[in-house]
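Just below is one structure, and these are the notes that go with it.
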Amino acid sequence: GRLPAWVKRANRAHLNLVEQFAPFAALVLIAHVIGLSNAWTQWAAVAFFWLRIAHSLVMWIGFAAFPLRSVVFTGAWICILVLGWQVLAA
């Protein structure tokens, strides 16, 4: 049978998280191995977590009045870039 639209959106949100989680996890693990932990890395990791929660909720409810999904997604990528910057600068 046909799946409800919210199920399809939830699946897309999950697939989208899988795409962003790999670079995030790699950078967090590298930072841990090299002993890197500072305000930037902590902020980026916490923000990434909450932005991804927000992204999943926005996708799940189908909020389309404003491109909020894209803004939240971009924010999560910025967190990944901050982590990468900190790892490369260490």
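Across the range 11-28, rounded Karplus estimates of 3J(HN,Hα) from the backbone phi angles (6.51 cos²θ - 1.76 cosθ + 1.60, θ = phi - 60°) give 5, 5, 5, 5, 4, 5, 5, 4, 5, 7, 5, 4, x, 4, 4, 4, 5, 5 Hz, Gly and Pro being marked x. In terms of overall dimensions, the C-alpha atoms belonging to the chain reach 51, 27, 15 Å along their principal axes, ordered largest to smallest. If you look at the Cα atoms of the range 1-40, you get an Rg and a Dmax of 16.3, 51 Å. Cβ-Cβ distance of residue 90 and residue 19, R₀ of 30 Å, FRET efficiency by 1/(1 + (r/R0)^6): the value works out to about 0.75. Here the chain exposes an accessible surface that is 74 percent carbon and sulfur, computed with a 1.4 Å probe and the other protein chains kept in place. Using only the alpha-carbon atoms, how far is helix 39-61 inclined from the longest principal axis of the chain? Give it as 0 to 90 degrees, nearest 10. The helix 39-61 is inclined about 10 degrees to the chain. Rolling a 1.4 Å probe across the protein heavy atoms gives the chain an accessible surface of 67 Å² per residue. Output the 0 to 90 degree angle, nearest 10, between the alpha-carbon long axis of helix 68-89 and the longest principal axis computed from the alpha carbons of the chain. That helix lies at roughly 20 degrees to the long axis. The Cα-based radius of gyration and maximum Cα-Cα distance (Dmax) for the range 44-90 are 12.3, 41 Å. Gain on full extension, evaluated as 0.36 nm per residue between residue 46 and residue 5 minus their Cα-Cα distance, stands at 11.8 nm. The length gained by stretching the chain between residue 68 and residue 33 to full extension, at 0.36 nm per residue less their Cα-Cα distance, is 9.1 nm.
The values are calculated or read from the model by the stated rules, or taken from the named source; none is laboratory data. From a predicted model like this one, the values you see are computed outputs, not experimental measurements. All Cβ positions, even for glycine, are placed from backbone atoms using ideal geometry, and neighbour counts span all protein chains on display. These area figures cover heavy atoms from the full protein model, side chains too; ligands, DNA and RNA do not enter into them. Shrake-Rupley method; radii C 1.70, N 1.55, O 1.52, S 1.80 Å.
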